[in-house]
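Here is the structure we will look at, set down as structure tokens.
The values are calculated or read from the model by the stated rules, or taken from the named source; none is laboratory data. None of these values were measured; they are calculated from a predicted model. Glycine also receives a Cβ, built like all others from the backbone with ideal geometry; neighbour counts cover every protein chain displayed.
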Amino acid sequence: MPLPSMKDQFAALIAAPSVSCTQPSLDQSNRQVIDLLATWLGDLGFACDIQQVSPGKFNLLATFGSGPGGLVLAGHSDTVPFDAALWQTDPLKLTEVDGRWVGLGSCDMKGFFALVIEAVQPLLAQTFKQPLLILATCDEESSMSGAKALAAAGRPLGRAAVIGEPTGLKPIRLHKGVMMERIDILGRSGHSSDPSLGHSALEAMYGAIGQLMELRGQWQQQYRNPQFSVPHPTLNFGCIHGGDNPNRICGQCSLEFDLRPLPGMDPQVLRAAIRQKLEPLAELHQVQIDYAPLFAEVPPFEQAADAELVRVAERLTGHRAEAVAFGTEAPYLQRLGCETLVLGPGDIACAHQPGEYLEMSRLQPTVRLLRELIEYYCLTQVEAR
């Protein structure tokens, strides 16, 4: 049975719901997407290994050829949640609008797999000197559990890995880390007319925010990387909740914040510095302070500028490798011994938004680029240089 066309594959992937979300009511399995890819790639002669990461969540590793080295073309099979009422088209239906393919996951990033399959098909009759591995992961948009499971297993993949996240076909060799943290302060409520009747969690939080701002200033002086459009680490106070009435001493207050470290900044060292600042506040204000991550961090990522993959991608795209602020699965693939780069056809500006799209003018350039990468790493390369 012949494979569906690239457009039909694209449409089928978008039609297969695979929302990943920390809210259980919105979270979905990605099995339908994994089964589609395994069927198509299996029909092309790939050996397909489906790995269950957690109930309803799966990774796919499809391999053509054998031996060490080779190329990994990677992406995530999940999408963010969506509000259909805010879309002008059906988010789960591929729709062509003004030279764009519109649909949930078109840009970020299920559509990438259809482009990979289109790129490799004409090459499969040739002898692969090194293998091609196609990796589809689960839960990148929430816990990154799929990539973390691969990294924990420690199985070597290929010599080079390209992750097809939306970069406008420009190679990305650095990105910041992502840390989402929460501080909970438990004080003691009481009548506001007499401060001695309670311990204000809100006043303690005021002190905690001051300490965090002081740390932020220190880190922004200490760490700087001009390759990023925002060249220093950022710390954003995202939301705060506390108290219930003006005439009650605030008994509880919580703060959630987002910290984006640069490559070279260790998340555990940053957390230790924050804890050191918070401990004296608990004694000073006679409150209980709990500090913990909301999610496990995404580490910062950096691939050396002189790496073979960086040089090859720069030559093929005509663009010098750059840096972005958003996080990806790159550090987890890098841990498995892959030179790693982020490079895909979409635009991050339309990701995670109603009307997500991929410019049709990017389709063939992406197919051509992927084909050239496969030829370089799998058809012409015998051993690492």
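Of the residues that make up the stretch 30-44, is at least one touching a strand residue (DSSP E or B) at 6+ places or on another chain (Cβ under 6 Å) and under 27 Å from residue 312 (Cα atoms)?
yes
Can you pull out every residue in the stretch 1-59 that is in a strand (DSSP E or B), closer than 17 Å to residue 77 by Cβ and either aliphatic (A, V, I, L, M) or not assigned by TED's automatic domain parsing to the domain that holds residue 113 (or both)? Full working, then the answer.
Kept after step one, since they are in a strand (DSSP E or B), are these residues of the stretch 1-59: 19, 47-54, 57-59.
If we keep only those that are closer than 17 Å to residue 77 by Cβ too, we end up with 19, 48-54, 57-59.
Residues satisfying the conditions are 19, 50, 53.
Hand me the list of strands (runs of 3 or more DSSP E) wholly inside the stretch 131-192 holding 1 or more residues that are in contact with an Asp or Glu (Cβ under 6 Å, 6 or more places away or on another chain).
The qualifying strands (runs of 3 or more DSSP E) are 160-163, 172-175, 179-186.
Would you mind telling me which numbered condition in (1) surrounded by 21 or more Cβ atoms within 10 Å (Cβ to Cβ); (2) aliphatic (A, V, I, L, M); (3) closer than 29 Å to residue 2 by Cα residue 125 fails?
Condition not satisfied by residue 125: (1).
Name the residue, out of 262, 215, 278, 270, that is more than 30 Å from residue 172 (Cα to Cα), in contact (Cβ under 8 Å) with a residue 40 or more places away in the chain, assigned by TED's automatic domain parsing to the domain that holds residue 188 and of a type in the set (A, V, I, L, M). Before you say what the answer is, go through the steps one by one.
Numbers: 262 fails: more than 30 Å from residue 172 (Cα to Cα); 215 fails: more than 30 Å from residue 172 (Cα to Cα); 270 fails: more than 30 Å from residue 172 (Cα to Cα).
Result: 278 is the single residue among 262, 215, 278, 270 that is more than 30 Å from residue 172 (Cα to Cα), in contact (Cβ under 8 Å) with a residue 40 or more places away in the chain, assigned by TED's automatic domain parsing to the domain that holds residue 188 and of a type in the set (A, V, I, L, M).
Inside the stretch 241-259, can you point out the residues that are over 21 Å from the mean Cα position of the chain (by Cα) and either free of Cβ contacts under 8 Å to residues at least 24 places away in the same chain or within 27 Å of residue 299 (Cβ to Cβ) (or both)? Walk me through how you get there before you give the answer.
Just the residues of the stretch 241-259 that are over 21 Å from the mean Cα position of the chain (by Cα), to begin with: 241-255.
The answer is 241, 244, 245, 254, 255.
Which members of the stretch 7-26 meet the condition of being surrounded by fewer than 17 Cβ atoms within 10 Å (Cβ to Cβ), touching a residue at least 60 places away in the same chain (Cβ under 8 Å) and under 19 Å from the mean Cα position of the chain (by Cα)?
So in the stretch 7-26, the residues surrounded by fewer than 17 Cβ atoms within 10 Å (Cβ to Cβ) come out as 7-8, 21-26.
Keeping just the survivors that are touching a residue at least 60 places away in the same chain (Cβ under 8 Å) gives 7, 21-22.
If the condition is that a residue be surrounded by fewer than 17 Cβ atoms within 10 Å (Cβ to Cβ), touching a residue at least 60 places away in the same chain (Cβ under 8 Å) and under 19 Å from the mean Cα position of the chain (by Cα), then 21, 22 are the ones that fit.
For the stretch 181-219: of the residues being of a type in the set (S, T, N, Q) and surrounded by fewer than 15 Cβ atoms within 10 Å (Cβ to Cβ), which is farthest from the chain's Cα centre (by Cα)? Steps first, answer last, please.
The initial filter retains those residues of the stretch 181-219 that are of a type in the set (S, T, N, Q), namely 189, 192-193, 196, 200, 211, 218.
Next cut, surrounded by fewer than 15 Cβ atoms within 10 Å (Cβ to Cβ) only: 193, 196, 218.
Details: 193: 50, 196: 48, 218: 27 Å.
Applying the filter and picking the extreme gives 193.
Those residues that are touching a residue at least 40 places away in the same chain (Cβ under 8 Å) and closer than 20 Å to residue 2 by Cα, I need them from the stretch 29-62; list them, please. Reasoning before the result, please.
Initially, the stretch 29-62 is screened for residues touching a residue at least 40 places away in the same chain (Cβ under 8 Å), giving 30, 33-34, 37, 40-41, 43-46, 51, 53-54, 57-62.
Within the stretch 29-62, 33, 34, 37, 40, 41, 43, 44, 45, 46, 62 qualify.
When you look at residue 117, is it modelled with pLDDT of 95 or more, in a helix (DSSP H, G or I) and not assigned by TED's automatic domain parsing to the domain that holds residue 231, yes or no? Don't jump to the end; show me each part of the working.
Values: modelled with pLDDT of 95 or more: yes; in a helix (DSSP H, G or I): yes; not assigned by TED's automatic domain parsing to the domain that holds residue 231: yes.
Yes.
Give the number of residues within the stretch 88-107 that are part of a loop (DSSP other than H, G, I, E, B), touching a helix residue (DSSP H, G or I) at 6+ places or on another chain (Cβ under 8 Å) and in contact (Cβ under 8 Å) with a residue 40 or more places away in the chain. Explain how you work it out, then say what you get.
Going residue by residue through the stretch 88-107, those that are part of a loop (DSSP other than H, G, I, E, B) are 88-94, 98-99, 103-107.
Next, only the ones that are touching a helix residue (DSSP H, G or I) at 6+ places or on another chain (Cβ under 8 Å) stay: 90-94, 99, 103-107.
Now narrow it down to the ones that are in contact (Cβ under 8 Å) with a residue 40 or more places away in the chain: 91-94, 99, 103-107.
Residues in the stretch 88-107 being part of a loop (DSSP other than H, G, I, E, B), touching a helix residue (DSSP H, G or I) at 6+ places or on another chain (Cβ under 8 Å) and in contact (Cβ under 8 Å) with a residue 40 or more places away in the chain: 10 in total.
Filtering the stretch 327-380 down to residues that are surrounded by fewer than 18 Cβ atoms within 10 Å (Cβ to Cβ) and of a type in the set (A, V, I, L, M, F, W, C), which residue is nearest to the chain's Cα centre (by Cα)?
Checking each candidate, the answer is 348.
Just one of the numbered conditions (1) in contact (Cβ under 8 Å) with a residue 40 or more places away in the chain; (2) buried (at least 16 other Cβ atoms within 10 Å of the Cβ) is not true of residue 232; which one?
Of everything listed in (1) in contact (Cβ under 8 Å) with a residue 40 or more places away in the chain; (2) buried (at least 16 other Cβ atoms within 10 Å of the Cβ), residue 232 misses just condition (1).
Restricting attention to the stretch 332-350, which residues are more than 21 Å from residue 68 (Cβ to Cβ), in contact with a helix residue (DSSP H, G or I) (Cβ under 8 Å, 6 or more places away or on another chain) and not in a loop (DSSP other than H, G, I, E, B)?
Correct list: 342 only.
With the requirement that a residue be outside any loop (DSSP other than H, G, I, E, B) and surrounded by fewer than 14 Cβ atoms within 10 Å (Cβ to Cβ), what does the stretch 274-310 give you?
Restricting attention to the stretch 274-310, the residues satisfying the condition of being outside any loop (DSSP other than H, G, I, E, B) are 274-285, 288-293, 298, 301-302, 308-310.
Hits for the stretch 274-310 are 275, 276, 279, 280, 283, 284, 290, 292, 293.
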